[in-house]
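The values are calculated or read from the model by the stated rules, or taken from the named source; none is laboratory data. What you see is a predicted model, and the numbers here were worked out from it, not measured in a lab. Glycine also receives a Cβ, built like all others from the backbone with ideal geometry; neighbour counts cover every protein chain displayed. Keep in mind that these areas ignore ligands, DNA and RNA; they rest on the heavy atoms of the full protein, side chains included. Shrake-Rupley method; radii C 1.70, N 1.55, O 1.52, S 1.80 Å.
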Amino acid sequence: MSFEPITGRYLTITVQGRRQRIYVEIAGQGAPVLCLHTAGADTRQWRHILNDAELTAAHQFFAFDMPWHGKSLPPECFQTEEYLLTTEAYMETVLAVSRALGLDRPILAGCSMGGRIALQLAALHGDAFSGFIAIEASDFQPAWYDIDWFHRPDAHGGEMGAALVSANISPHAPQAERWNTLWMFMQSGPGVFRGDLSFYTRDDSLIGRLAQIDTAHTPVHLLVGAYDLTCTPEDARRTAAAIPGATCTMMEELGHFPMSEHPAGFRPFFADALTRMKVSADV
Amino acid sequence: MRATLAQMQQRLHDTPHLLRLGRLFSDTVLLEVDGAEFYLTFRDGRLETIVEGPSRKTPWRFALRTDADALAQFWQPIPKPGFHDIFGLVKIGRGRIDGDILALIKNLRFFKEFMGLARAESRTEELA
(Lines give C-alpha, C1' and ligand atoms only; values in the text may rest on other atoms or scores of the structure.)
Protein backbone atom coordinates (compact mmCIF):
# COMPACT_ATOMS: atom_id res chain seq x y z
CA MET A 1 0.00 0.00 0.00
CA SER A 2 1.21 3.49 -0.80
CA PHE A 3 -0.57 6.56 0.53
CA GLU A 4 -0.62 9.80 -1.42
CA PRO A 5 1.43 12.53 0.29
CA ILE A 6 -1.68 14.61 1.10
CA THR A 7 -2.67 14.83 4.77
CA GLY A 8 -6.22 15.79 5.78
CA ARG A 9 -6.91 17.52 9.12
CA TYR A 10 -9.77 19.42 10.75
CA LEU A 11 -9.72 22.70 12.63
CA THR A 12 -12.38 24.97 14.06
CA ILE A 13 -12.46 28.69 13.41
CA THR A 14 -14.90 31.45 14.24
CA VAL A 15 -16.40 33.46 11.40
CA GLN A 16 -18.84 36.27 12.07
CA GLY A 17 -19.33 34.93 15.58
CA ARG A 18 -20.11 31.37 14.50
CA ARG A 19 -17.97 28.28 14.92
CA GLN A 20 -17.02 26.57 11.68
CA ARG A 21 -15.40 23.15 11.48
CA ILE A 22 -13.05 23.26 8.53
CA TYR A 23 -11.40 20.46 6.60
CA VAL A 24 -7.86 21.20 5.40
CA GLU A 25 -5.54 19.22 3.15
CA ILE A 26 -1.81 19.78 3.47
CA ALA A 27 1.15 18.67 1.37
CA GLY A 28 4.77 19.68 0.89
CA GLN A 29 7.36 21.82 2.60
CA GLY A 30 8.50 25.34 1.98
CA ALA A 31 6.81 28.60 1.11
CA PRO A 32 3.14 28.37 2.14
CA VAL A 33 0.44 28.50 -0.52
CA LEU A 34 -3.21 28.68 0.50
CA CYS A 35 -5.52 27.27 -2.18
CA LEU A 36 -9.21 28.12 -2.68
CA HIS A 37 -11.69 25.98 -4.61
CA THR A 38 -14.43 27.19 -6.96
CA ALA A 39 -18.12 27.60 -6.24
CA GLY A 40 -20.08 24.39 -5.75
CA ALA A 41 -16.99 22.22 -5.29
CA ASP A 42 -14.27 21.48 -2.76
CA THR A 43 -10.60 20.97 -2.06
CA ARG A 44 -10.37 17.89 -4.28
CA GLN A 45 -9.96 20.30 -7.19
CA TRP A 46 -6.39 20.84 -5.99
CA ARG A 47 -5.49 17.15 -5.65
CA HIS A 48 -3.01 17.10 -8.50
CA ILE A 49 -1.07 20.14 -7.32
CA LEU A 50 -0.89 18.73 -3.77
CA ASN A 51 0.38 15.44 -5.17
CA ASP A 52 3.03 17.08 -7.38
CA ALA A 53 6.44 15.99 -6.07
CA GLU A 54 8.34 18.86 -7.65
CA LEU A 55 6.01 21.67 -6.62
CA THR A 56 5.65 20.33 -3.07
CA ALA A 57 9.43 20.17 -2.70
CA ALA A 58 9.56 23.95 -2.47
CA HIS A 59 6.05 24.84 -1.31
CA GLN A 60 3.71 23.77 1.43
CA PHE A 61 0.18 23.74 0.04
CA PHE A 62 -2.91 24.13 2.17
CA ALA A 63 -6.32 23.63 0.59
CA PHE A 64 -9.48 23.86 2.66
CA ASP A 65 -13.16 23.23 2.12
CA MET A 66 -15.26 26.31 2.68
CA PRO A 67 -18.05 25.92 5.26
CA TRP A 68 -20.99 23.99 3.70
CA HIS A 69 -18.58 22.44 1.16
CA GLY A 70 -16.82 19.10 0.93
CA LYS A 71 -15.97 17.75 4.38
CA SER A 72 -16.45 21.05 6.21
CA LEU A 73 -19.79 21.08 7.99
CA PRO A 74 -22.32 23.87 7.75
CA PRO A 75 -22.60 25.91 10.96
CA GLU A 76 -24.90 24.92 13.80
CA CYS A 77 -28.60 25.62 13.03
CA PHE A 78 -27.98 25.55 9.28
CA GLN A 79 -31.17 23.59 8.78
CA THR A 80 -33.37 26.69 8.86
CA GLU A 81 -30.92 28.95 7.12
CA GLU A 82 -30.62 30.10 3.53
CA TYR A 83 -26.97 29.81 2.55
CA LEU A 84 -25.83 32.97 0.81
CA LEU A 85 -22.09 33.59 0.70
CA THR A 86 -20.98 37.20 1.13
CA THR A 87 -17.71 38.94 0.38
CA GLU A 88 -17.27 39.79 4.06
CA ALA A 89 -17.85 36.25 5.34
CA TYR A 90 -15.67 34.81 2.60
CA MET A 91 -12.74 37.13 3.35
CA GLU A 92 -13.07 36.53 7.08
CA THR A 93 -13.07 32.76 6.52
CA VAL A 94 -9.88 32.83 4.44
CA LEU A 95 -8.11 35.09 6.93
CA ALA A 96 -9.25 32.97 9.89
CA VAL A 97 -8.05 29.74 8.29
CA SER A 98 -4.70 31.31 7.45
CA ARG A 99 -4.31 32.50 11.04
CA ALA A 100 -5.42 29.16 12.50
CA LEU A 101 -2.84 27.40 10.35
CA GLY A 102 -0.18 29.83 11.58
CA LEU A 103 0.75 30.85 8.06
CA ASP A 104 3.11 33.77 7.58
CA ARG A 105 1.98 35.73 4.54
CA PRO A 106 1.15 32.77 2.30
CA ILE A 107 0.66 33.01 -1.41
CA LEU A 108 -3.09 32.92 -2.05
CA ALA A 109 -4.18 30.86 -5.06
CA GLY A 110 -7.89 30.83 -5.84
CA CYS A 111 -10.00 29.70 -8.75
CA SER A 112 -13.24 31.27 -9.97
CA MET A 113 -15.00 32.59 -6.86
CA GLY A 114 -11.74 31.75 -5.07
CA GLY A 115 -9.94 33.98 -7.55
CA ARG A 116 -12.51 36.71 -7.05
CA ILE A 117 -12.01 36.68 -3.28
CA ALA A 118 -8.24 36.53 -3.75
CA LEU A 119 -8.45 39.84 -5.59
CA GLN A 120 -10.74 41.27 -2.89
CA LEU A 121 -8.16 40.25 -0.29
CA ALA A 122 -5.39 41.72 -2.45
CA ALA A 123 -7.24 45.02 -2.36
CA LEU A 124 -8.29 45.04 1.29
CA HIS A 125 -5.85 42.75 3.15
CA GLY A 126 -2.79 42.66 0.94
CA ASP A 127 -0.42 42.67 3.91
CA ALA A 128 -1.69 39.27 5.02
CA PHE A 129 -0.32 37.57 1.90
CA SER A 130 2.85 37.53 -0.19
CA GLY A 131 1.19 37.27 -3.58
CA PHE A 132 -1.97 36.30 -5.41
CA ILE A 133 -2.59 33.78 -8.16
CA ALA A 134 -6.08 34.50 -9.43
CA ILE A 135 -7.28 31.71 -11.71
CA GLU A 136 -10.38 32.16 -13.88
CA ALA A 137 -10.91 35.34 -11.90
CA SER A 138 -12.48 38.58 -12.91
CA ASP A 139 -13.98 41.75 -11.55
CA PHE A 140 -17.62 40.76 -11.99
CA GLN A 141 -20.04 38.80 -14.15
CA PRO A 142 -23.78 38.97 -13.69
CA ALA A 143 -25.57 35.64 -14.17
CA TRP A 144 -27.22 34.93 -17.52
CA TYR A 145 -29.05 32.11 -15.73
CA ASP A 146 -31.38 32.03 -12.74
CA ILE A 147 -29.40 30.88 -9.71
CA ASP A 148 -32.65 29.56 -8.19
CA TRP A 149 -32.61 26.79 -10.80
CA PHE A 150 -29.98 25.06 -8.70
CA HIS A 151 -31.98 24.74 -5.49
CA ARG A 152 -35.49 23.49 -5.96
CA PRO A 153 -37.49 20.54 -4.66
CA ASP A 154 -38.37 19.00 -8.02
CA ALA A 155 -34.90 18.53 -9.47
CA HIS A 156 -31.37 17.64 -8.42
CA GLY A 157 -29.40 20.86 -8.09
CA GLY A 158 -26.08 19.09 -8.20
CA GLU A 159 -26.79 17.27 -11.43
CA MET A 160 -28.13 20.42 -13.07
CA GLY A 161 -25.18 22.44 -11.79
CA ALA A 162 -22.73 19.88 -13.16
CA ALA A 163 -24.46 19.89 -16.54
CA LEU A 164 -24.29 23.67 -16.61
CA VAL A 165 -20.64 24.02 -15.64
CA SER A 166 -19.62 21.31 -18.09
CA ALA A 167 -19.89 24.15 -20.62
CA ASN A 168 -16.75 25.58 -19.03
CA ILE A 169 -14.58 22.48 -19.35
CA SER A 170 -12.16 22.29 -22.26
CA PRO A 171 -12.56 19.50 -24.83
CA HIS A 172 -8.82 18.95 -24.36
CA ALA A 173 -9.45 17.77 -20.78
CA PRO A 174 -8.91 14.05 -20.19
CA GLN A 175 -12.23 12.29 -19.84
CA ALA A 176 -11.53 10.92 -16.37
CA GLU A 177 -10.65 14.32 -14.96
CA ARG A 178 -13.58 16.00 -16.70
CA TRP A 179 -15.93 13.67 -14.86
CA ASN A 180 -14.03 13.84 -11.57
CA THR A 181 -14.45 17.60 -11.79
CA LEU A 182 -18.17 17.35 -12.49
CA TRP A 183 -18.67 14.80 -9.72
CA MET A 184 -17.84 17.43 -7.10
CA PHE A 185 -20.68 19.60 -8.38
CA MET A 186 -23.02 16.62 -8.40
CA GLN A 187 -22.12 16.03 -4.73
CA SER A 188 -22.55 19.62 -3.64
CA GLY A 189 -25.03 20.10 -0.78
CA PRO A 190 -28.51 21.45 -1.52
CA GLY A 191 -28.44 25.18 -2.13
CA VAL A 192 -24.68 25.50 -1.78
CA PHE A 193 -23.88 26.18 -5.44
CA ARG A 194 -26.75 28.67 -5.50
CA GLY A 195 -25.41 30.40 -2.38
CA ASP A 196 -21.94 30.62 -3.89
CA LEU A 197 -23.36 32.00 -7.13
CA SER A 198 -25.17 34.65 -5.15
CA PHE A 199 -21.77 36.00 -4.10
CA TYR A 200 -20.23 35.49 -7.53
CA THR A 201 -22.99 36.98 -9.66
CA ARG A 202 -24.44 39.73 -7.47
CA ASP A 203 -21.55 41.41 -5.62
CA ASP A 204 -19.73 43.81 -7.93
CA SER A 205 -17.80 45.60 -5.19
CA LEU A 206 -14.43 44.43 -6.51
CA ILE A 207 -14.64 46.64 -9.59
CA GLY A 208 -14.00 49.83 -7.66
CA ARG A 209 -11.22 48.26 -5.57
CA LEU A 210 -8.94 46.86 -8.26
CA ALA A 211 -6.84 50.01 -8.52
CA GLN A 212 -6.08 49.82 -4.78
CA ILE A 213 -4.10 46.60 -5.20
CA ASP A 214 -0.40 47.21 -4.57
CA THR A 215 1.40 44.74 -6.80
CA ALA A 216 4.80 46.15 -5.79
CA HIS A 217 4.34 44.46 -2.42
CA THR A 218 2.02 41.65 -3.37
CA PRO A 219 2.26 40.50 -6.98
CA VAL A 220 -0.90 39.49 -8.80
CA HIS A 221 -0.92 37.01 -11.67
CA LEU A 222 -4.09 35.98 -13.46
CA LEU A 223 -4.52 32.72 -15.36
CA VAL A 224 -7.45 32.20 -17.71
CA GLY A 225 -8.51 29.31 -19.90
CA ALA A 226 -9.60 29.93 -23.47
CA TYR A 227 -12.57 27.57 -23.04
CA ASP A 228 -13.92 29.36 -19.98
CA LEU A 229 -17.36 30.75 -20.82
CA THR A 230 -17.91 32.12 -17.30
CA CYS A 231 -14.71 34.10 -16.90
CA THR A 232 -13.64 34.59 -20.49
CA PRO A 233 -10.14 35.65 -21.51
CA GLU A 234 -11.61 39.09 -22.20
CA ASP A 235 -12.97 39.24 -18.64
CA ALA A 236 -9.61 38.28 -17.16
CA ARG A 237 -7.65 40.68 -19.36
CA ARG A 238 -10.00 43.53 -18.48
CA THR A 239 -9.56 42.74 -14.80
CA ALA A 240 -5.76 42.50 -15.04
CA ALA A 241 -5.63 45.79 -16.94
CA ALA A 242 -7.40 47.51 -14.06
CA ILE A 243 -4.74 46.36 -11.55
CA PRO A 244 -1.52 48.34 -11.98
CA GLY A 245 1.35 45.86 -12.37
CA ALA A 246 -0.77 42.73 -12.63
CA THR A 247 0.07 40.11 -15.24
CA CYS A 248 -2.21 37.70 -17.08
CA THR A 249 -1.61 34.52 -19.07
CA MET A 250 -4.12 32.80 -21.28
CA MET A 251 -4.12 28.99 -21.29
CA GLU A 252 -5.17 27.91 -24.78
CA GLU A 253 -6.38 24.39 -24.05
CA LEU A 254 -7.96 24.85 -20.63
CA GLY A 255 -11.30 25.84 -19.16
CA HIS A 256 -12.75 27.13 -15.90
CA PHE A 257 -11.39 24.38 -13.58
CA PRO A 258 -7.88 23.99 -14.96
CA MET A 259 -6.15 22.41 -11.96
CA SER A 260 -8.85 19.76 -11.79
CA GLU A 261 -10.04 19.24 -15.37
CA HIS A 262 -6.62 19.07 -17.03
CA PRO A 263 -3.83 18.80 -14.45
CA ALA A 264 -1.01 18.19 -16.91
CA GLY A 265 -2.05 21.14 -19.04
CA PHE A 266 -2.36 23.42 -16.04
CA ARG A 267 0.85 22.49 -14.23
CA PRO A 268 3.34 24.57 -16.26
CA PHE A 269 1.16 27.66 -15.98
CA PHE A 270 0.82 27.25 -12.23
CA ALA A 271 4.55 26.58 -11.80
CA ASP A 272 5.24 29.78 -13.75
CA ALA A 273 2.77 31.69 -11.57
CA LEU A 274 4.53 30.50 -8.40
CA THR A 275 7.84 31.68 -9.84
CA ARG A 276 6.35 35.11 -10.45
CA MET A 277 5.36 35.28 -6.78
CA LYS A 278 8.92 34.49 -5.68
CA VAL A 279 10.59 36.99 -7.99
CA SER A 280 8.33 39.79 -6.92
CA ALA A 281 8.52 38.82 -3.26
CA ASP A 282 12.25 39.53 -3.36
CA VAL A 283 11.70 43.13 -4.49
CA MET B 1 -29.36 17.77 -41.69
CA ARG B 2 -32.14 15.23 -41.86
CA ALA B 3 -29.61 12.39 -42.27
CA THR B 4 -27.53 13.69 -39.40
CA LEU B 5 -30.56 13.80 -37.12
CA ALA B 6 -31.50 10.26 -38.12
CA GLN B 7 -27.97 9.17 -37.26
CA MET B 8 -28.23 10.92 -33.89
CA GLN B 9 -31.55 9.19 -33.30
CA GLN B 10 -29.97 5.79 -33.95
CA ARG B 11 -26.99 6.55 -31.73
CA LEU B 12 -29.30 7.71 -28.94
CA HIS B 13 -31.21 4.46 -29.09
CA ASP B 14 -27.91 2.57 -29.01
CA THR B 15 -26.65 4.46 -25.93
CA PRO B 16 -28.05 2.90 -22.74
CA HIS B 17 -26.82 5.59 -20.35
CA LEU B 18 -28.52 8.32 -22.38
CA LEU B 19 -31.79 6.42 -22.45
CA ARG B 20 -31.48 6.10 -18.68
CA LEU B 21 -30.70 9.82 -18.23
CA GLY B 22 -33.62 10.79 -20.45
CA ARG B 23 -36.17 8.32 -19.13
CA LEU B 24 -38.35 11.13 -17.75
CA PHE B 25 -37.95 13.39 -20.76
CA SER B 26 -40.98 13.46 -23.03
CA ASP B 27 -41.12 16.76 -24.88
CA THR B 28 -40.72 18.34 -28.28
CA VAL B 29 -37.60 20.38 -28.99
CA LEU B 30 -37.30 22.78 -31.88
CA LEU B 31 -33.90 22.68 -33.56
CA GLU B 32 -33.60 25.50 -36.06
CA VAL B 33 -30.63 25.48 -38.43
CA ASP B 34 -30.24 28.38 -40.86
CA GLY B 35 -33.95 28.99 -40.47
CA ALA B 36 -34.95 25.38 -41.27
CA GLU B 37 -37.09 23.89 -38.51
CA PHE B 38 -36.79 20.39 -37.15
CA TYR B 39 -39.23 19.29 -34.45
CA LEU B 40 -37.68 16.54 -32.35
CA THR B 41 -40.23 14.72 -30.24
CA PHE B 42 -38.76 12.68 -27.42
CA ARG B 43 -40.71 10.13 -25.42
CA ASP B 44 -39.17 8.57 -22.31
CA GLY B 45 -35.73 9.51 -23.59
CA ARG B 46 -36.18 8.05 -27.07
CA LEU B 47 -36.38 10.29 -30.11
CA GLU B 48 -39.75 9.25 -31.42
CA THR B 49 -40.16 11.53 -34.42
CA ILE B 50 -38.19 14.07 -36.43
CA VAL B 51 -40.58 16.36 -38.29
CA GLU B 52 -39.40 19.10 -40.60
CA GLY B 53 -41.08 22.48 -40.56
CA PRO B 54 -42.02 25.12 -41.17
CA SER B 55 -44.88 24.78 -38.78
CA ARG B 56 -46.83 27.32 -36.81
CA LYS B 57 -48.98 24.75 -35.07
CA THR B 58 -46.39 22.41 -33.56
CA PRO B 59 -45.90 23.13 -29.86
CA TRP B 60 -42.38 22.83 -28.50
CA ARG B 61 -40.88 23.06 -25.02
CA PHE B 62 -37.58 24.76 -25.81
CA ALA B 63 -35.65 25.67 -28.93
CA LEU B 64 -32.04 25.76 -30.03
CA ARG B 65 -31.50 28.00 -33.02
CA THR B 66 -28.15 28.11 -34.75
CA ASP B 67 -26.52 27.90 -38.19
CA ALA B 68 -25.05 24.99 -40.11
CA ASP B 69 -21.47 26.21 -39.94
CA ALA B 70 -21.67 26.65 -36.16
CA LEU B 71 -23.08 23.14 -35.79
CA ALA B 72 -20.33 21.75 -38.03
CA GLN B 73 -17.77 23.37 -35.76
CA PHE B 74 -19.64 22.15 -32.66
CA TRP B 75 -19.37 18.62 -34.03
CA GLN B 76 -15.60 18.75 -34.58
CA PRO B 77 -13.63 16.27 -32.42
CA ILE B 78 -12.00 19.18 -30.59
CA PRO B 79 -14.16 22.24 -31.16
CA LYS B 80 -12.70 25.72 -30.88
CA PRO B 81 -13.56 27.82 -27.83
CA GLY B 82 -17.19 28.84 -27.90
CA PHE B 83 -18.13 26.08 -30.32
CA HIS B 84 -17.59 23.40 -27.67
CA ASP B 85 -20.98 23.68 -25.96
CA ILE B 86 -24.52 24.78 -26.82
CA PHE B 87 -24.20 27.61 -24.29
CA GLY B 88 -20.90 28.51 -25.93
CA LEU B 89 -22.76 29.00 -29.22
CA VAL B 90 -25.08 31.40 -27.41
CA LYS B 91 -22.15 33.17 -25.76
CA ILE B 92 -20.41 33.84 -29.09
CA GLY B 93 -23.60 34.91 -30.81
CA ARG B 94 -23.97 31.80 -32.98
CA GLY B 95 -26.92 30.30 -31.17
CA ARG B 96 -30.06 31.17 -29.30
CA ILE B 97 -31.94 29.11 -26.76
CA ASP B 98 -35.47 30.01 -25.79
CA GLY B 99 -38.74 28.61 -24.55
CA ASP B 100 -38.97 26.74 -21.26
CA ILE B 101 -35.32 27.03 -20.25
CA LEU B 102 -35.95 25.33 -16.93
CA ALA B 103 -37.15 22.23 -18.80
CA LEU B 104 -33.83 22.27 -20.64
CA ILE B 105 -31.85 22.77 -17.43
CA LYS B 106 -33.61 19.84 -15.75
CA ASN B 107 -32.60 17.65 -18.68
CA LEU B 108 -29.40 19.46 -19.55
CA ARG B 109 -26.93 16.61 -19.44
CA PHE B 110 -29.26 14.45 -21.55
CA PHE B 111 -29.85 17.12 -24.17
CA LYS B 112 -26.23 18.25 -24.39
CA GLU B 113 -25.05 14.68 -24.81
CA PHE B 114 -27.77 14.08 -27.40
CA MET B 115 -26.57 17.12 -29.34
CA GLY B 116 -23.03 15.77 -29.15
CA LEU B 117 -24.00 12.48 -30.79
CA ALA B 118 -23.08 13.78 -34.24
CA ARG B 119 -19.57 14.68 -33.17
CA ALA B 120 -16.98 13.30 -35.57
CA GLU B 121 -15.58 10.78 -33.16
CA SER B 122 -16.87 8.83 -30.24
CA ARG B 123 -16.04 11.13 -27.35
CA THR B 124 -19.51 12.64 -27.40
CA GLU B 125 -20.45 11.82 -23.87
CA GLU B 126 -17.49 13.67 -22.46
CA LEU B 127 -17.66 16.66 -24.77
CA ALA B 128 -21.37 17.29 -24.73
How much length is gained if the chain between A:Leu11 and A:Ala53 is pulled fully straight, taking 0.36 nm per residue apart and subtracting their Cα-Cα distance, in nm to one decimal? 12.6 nm
Lys and Arg at +1, Asp and Glu at -1: neighbours of A:Ser138 with Cβ under 12 Å from its Cβ sum to -3
Gain upon complete extension [A:His125, A:Glu4; 0.36 nm per residue less C-alpha separation]: 40.2 nm
Roughly how many whole Å is it from the C-alpha centroid of segment B:1-79 to that of segment B:99-119? 9 Å
Of the beta bridges DSSP finds with both residues in the protein assembly as shown, what % are antiparallel, to the nearest 5? 55 percent
Modelled label-to-label distance, A:Ile207 and A:Gln175, 7 Å Cα→beta-carbon offset: nm? 4.3 nm
For the protein assembly as shown, with +1 on Lys and Arg beta carbons and -1 on Asp and Glu, the positive-most of B:Ile86, A:Ala211, B:Ala63 along the dipole: B:Ala63
Where does chain A land at 222 nm, in deg cm²/dmol rounded to the nearest 500, when only DSSP H runs of n ≥ 4 count, each adding -39500 (n - 2.57), divided by all residues? -10500 deg cm²/dmol
First check a/c for the protein assembly as shown, with a ≥ b ≥ c the square roots of the eigenvalues of its C-alpha gyration tensor; if it is under 1.5, answer rounded, and if not, answer prolate when a/b is larger than b/c or oblate otherwise. prolate
Given A:3-11, A:19-27, the highest-first ranking by average Cβ count within 10 Å works out to A:19-27, A:3-11
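Measure off, as a whole percent, the carbon and sulfur share of the 1.4 Å-probe accessible area of segment B:1-92, all protein chains present. Display every interim value, and only then the final one.
Numbers: 2290 of 4630 Å².
Taking all protein chains in place, segment B:1-92 shows 50 percent carbon and sulfur surface.
Pop the C-beta distance of A:Ala241 and A:Gln187 into the FRET formula with R0 = 35 Å and round what comes out to the nearest 0.05.
Working: r = 37 Å, r/R0 = 1.05.
Here the calculated transfer efficiency is 0.45.
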Using a probe radius of 1.4 Å on heavy atoms only, what accessible surface per residue do you get for segment A:7-281? Whole Å² is fine. 37 Å²
Nonlocal amide H pairs with A:Ile22, under 5 Å, H built at 1.01 Å: A:Leu11, A:Thr12, A:Ile13
Search the structure for amide H atoms under 5 Å from the amide H of A:Ile213, placed 1.01 Å from N in the peptide plane, and list their residues when 5 or more places away or on another chain. none
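Can you classify segment B:2-121 as rounded, prolate or oblate using the Cα gyration tensor, where a ≥ b ≥ c are the square roots of its eigenvalues, rounded means a/c under 1.5, and otherwise it's prolate if a/b beats b/c and oblate if not?
Details: a/c = 1.37, a/b = 1.12, b/c = 1.22.
It is rounded, given that a/c, with a ≥ b ≥ c, falls under 1.5.
Let a ≥ b ≥ c be the square roots of the eigenvalues of the Cα gyration tensor of segment A:141-239; is it rounded (a/c under 1.5), or, if not, prolate (a/b larger than b/c) or oblate?
Note, shape of segment A:141-239 comes out oblate.
Among DSSP bridges having both ends in segment A:1-139, what percentage is antiparallel? Round to the nearest 5.
Numbers: 14 of 28 bridges.
Of all bridge pairs located within segment A:1-139, approximately 50 percent are antiparallel.
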Okay, helix-only estimate at 222 nm for chain B: each DSSP H run of n ≥ 4 adds -39500 (n - 2.57), divide by all residues, round to 500 deg cm²/dmol; what do you get? -9500 deg cm²/dmol
